[in-house]
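In what follows, a single structure is set out as structure tokens and then discussed.
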Amino acid sequence: MAEKQEEPSNTQNGEPDNAEEGEEKKKKKLKREDLPPFEIVTGERLPAIFFKFQFRNVEYSSGRNKTFLCYVLETQGKESVTSRGYLEDEHAAAHAEMAFFNTILPKCESSLRYNITWYVSSSPCVTCADRITETLKKNKNLRLTIMVGRLFMWEEPEMQAALKKMKSAGCKLRIMKPQDFEYVWQNFVEQEEGEEAKAFVPWEDIQENFQYYEEKLAEILH
């Protein structure tokens, strides 16, 4: 069974440990209620430190309060086109899954067919799962596969029901295997400039945790 993890340091969350730097940022930072209702970090590659912490497939996801979504969008046709990038929750009011539908999906044409693959740090919440189901029902030209590192609140009946609806709508939900984490590392994680790409180093319990979540997902979707 997966191990319980300790609370992350500020550095693991992408926040400064340096007191002066943190204080300076604190002065500039707006209060949460003053933040815009929708703000998402986007890019082609995410920092390695975020990947190593946020994507780790632990059972108890203590401190992992963001969602990182890496996507591959393949346009089917005479000239197939592939685009990729990642989305990251910045504020609680906006989830990465919603950001994809609001910022990436509108660029897709209804006359074309698309194969979409997400590599997500954890499975969607109930609200996002319902949005996924609705979107796939309305857009028959989309094929969506979601690879997740962890299952979010999988013991809750409402969450289980939402995942089943996603499956019925045609969404393929899978648990990330060690090879999938390696794929994300190679294709979506920043490498130091001027250095050769570093090989992916699996954490000790990566296979055990994959099997744990795979069993739980199979029980939910049976």
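In region 150-192, how many are in a helix (DSSP H, G or I) and either open to solvent by 50 Å² or more (accessible area, probe 1.4 Å) or free of Cβ contacts under 8 Å to residues at least 60 places away in the same chain (or both)?
Of the residues in that region, 17 qualify.
How many residues are over 16 Å from the mean Cα position of the chain (by Cα) and closer than 11 Å to VAL120 by Cβ when one looks only at region 146-189?
Of the residues in that region, 0 qualify.
Against the definition (surrounded by 15 or more Cβ atoms within 10 Å (Cβ to Cβ), over 15 Å from the mean Cα position of the chain (by Cα), free of Cβ contacts under 8 Å to residues at least 60 places away in the same chain and over 30 Å from GLU208 (Cα atoms)), how does ARG143 come out, yes or no?
It is false that ARG143 is surrounded by 15 or more Cβ atoms within 10 Å (Cβ to Cβ), over 15 Å from the mean Cα position of the chain (by Cα), free of Cβ contacts under 8 Å to residues at least 60 places away in the same chain and over 30 Å from GLU208 (Cα atoms).
Select from region 117-132 the residues that are over 12 Å from the mean Cα position of the chain (by Cα) and open to solvent by 10 Å² or more (accessible area, probe 1.4 Å) and list them in ascending order.
Selection gives VAL126, THR127, ASP130, ARG131.
Please find, among LYS137, LYS78, the residue that is modelled with pLDDT of 90 or more, more than 29 Å from VAL58 (Cα to Cα) and not small (Gly, Ala, Ser).
Criteria check complete, one pass: LYS137.
Look at ALA161 and say whether it is modelled with pLDDT of 95 or more and of a type in the set (Gly, Ala, Ser).
So ALA161 fits the description; yes.
The values are calculated or read from the model by the stated rules, or taken from the named source; none is laboratory data. All figures in this text were calculated on a predicted structure; none of them were measured in a lab. With ideal geometry, Cβ positions are generated from the backbone for all residues, glycine too; neighbour counts draw on all protein chains shown. Quick note on the areas: whole protein, heavy atoms, side chains included, nothing else; ligands and nucleic acids left out. Shrake-Rupley method; radii C 1.70, N 1.55, O 1.52, S 1.80 Å.
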